1. Taking the stated definitions as given, is residue 106 of a type outside the set (S, T, N, Q), over 30 Å from residue 131 (Cβ atoms), surrounded by 14 or more Cβ atoms within 10 Å (Cβ to Cβ) and at pLDDT 95 or above?
2. Given 63, 74, which one is at pLDDT 95 or above and in a helix (DSSP H, G or I)?
3. Tell me which of these residue 160 doesn't satisfy, since it passes every other one: (1) closer than 24 Å to residue 37 by Cβ; (2) at pLDDT 85 or above; (3) of a type outside the set (Val, Ile, Thr).
4. What number goes with the only condition from (1) over 30 Å from residue 128 (Cα atoms); (2) of a type outside the set (Lys, Arg); (3) modelled with pLDDT under 95; (4) surrounded by fewer than 14 Cβ atoms within 10 Å (Cβ to Cβ) that residue 56 does not pass?
5. Between residues in region 3-30 that are part of a helix (DSSP H, G or I) and modelled with pLDDT of 95 or more and residues that are surrounded by fewer than 18 Cβ atoms within 10 Å (Cβ to Cβ) and small (Gly, Ala, Ser), which pairs lie under 8 Å by C-beta distance while being six or more apart or on different chains?
6. Any idea which residue in region 115-135 is most open to solvent (accessible area, probe 1.4 Å), counting only those that are among the small types (Gly, Ala, Ser) and in a strand (DSSP E or B)?
7. Answer yes or no: is there a residue in region 136-153 that is open to solvent by 40 Å² or more (accessible area, probe 1.4 Å), among the basic types (Lys, Arg), touching a Leu at 6+ places or on another chain (Cβ under 9 Å) and in a helix (DSSP H, G or I).
8. So, in region 40-51, exactly how many residues are at pLDDT 95 or above and either out of contact with any Leu (no Cβ under 6 Å at 6 or more places or on another chain) or of a type in the set (A, V, I, L, M, F, W, C) (or both)?
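The values are calculated or read from the model by the stated rules, or taken from the named source; none is laboratory data. Nothing here was measured: the structure is a model prediction, and the numbers come from that model. With ideal geometry, Cβ positions are generated from the backbone for all residues, glycine too; neighbour counts draw on all protein chains shown. The accessibility values were calculated without ligands, DNA or RNA, using every heavy atom of the protein model including side chains. Shrake-Rupley method; radii C 1.70, N 1.55, O 1.52, S 1.80 Å.
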Amino acid sequence: MQDVVLILTVIGEDRPGLVERIATTISAHSGNWLESSLAHLAGKFAGIVEISVPPDRSRALRAALSVLPGLRIAIEESVADLEIRHGKRLTLSVIGHDRIGIVRDISLVLARHKLNVEALSTFTASAPMCAELLFHAEADLEARGEFDESALKRDLERISDELMVDIALDTVSDRRTPPALTVEVGG
């Protein structure tokens, strides 16, 4: 029988040992930690974790995770993603002076072109040689079916000028290999 795939969203006050408690609980119930993204955000520990667990251990694991002290854990069951994706893979990088609305404006363009955001990572950091904050974003995208790459590049160039950010769009042949083509837009 195929394992059950669970997606955990976790939040709590950040302190040492939280990841160990989650990992120990998962392992004690024959669970396998597959993928995760964990971070310290504004004094909180927050993350998302994908695990697989034998069907006969799923209920006990859910119960054990729900009583871990100091953590709120939401658990969703998922169907294992066994389909091979055939869409075009892209990566998007953004850097510019931080301001309200950057993610909204860029995500509107991506949605208009029917691009699926598979991963998004953002952060702010001080700019070199000054105290201004720079916004950084990296996104893994998938274009399913037909899409107009030149129209996407035009829209990204337009928004790059409006937002005063640099946007780089890369076409990737495989997630584990370096970009096959790099196209700089904006500037």
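1. Values: of a type outside the set (S, T, N, Q): yes; over 30 Å from residue 131 (Cβ atoms): no; surrounded by 14 or more Cβ atoms within 10 Å (Cβ to Cβ): yes; at pLDDT 95 or above: yes.
Criteria not met by residue 106.
2. On the way: 74 fails: in a helix (DSSP H, G or I).
Exactly one of 63, 74 is at pLDDT 95 or above and in a helix (DSSP H, G or I), namely 63.
3. That leaves (1) as the condition not met.
4. (3)
5. Correct list of pairs: 25/64; 28/64.
6. Of region 115-135, the ones among the small types (Gly, Ala, Ser) are 119, 121, 125-127, 131.
Adding the requirement that they be in a strand (DSSP E or B) leaves 119, 121, 125-126.
On the way: 119: 42, 121: 67, 125: 33, 126: 84 Å².
This residue is 126.
7. Yes - at least one qualifying residue is present in region 136-153.
8. From region 40-51, those at pLDDT 95 or above are 44-51; that's our starting set.
Keeping just the survivors that are either out of contact with any Leu (no Cβ under 6 Å at 6 or more places or on another chain) or of a type in the set (A, V, I, L, M, F, W, C) (or both) gives 44-46, 48-49, 51.
Qualifying residue count for the region: 6.
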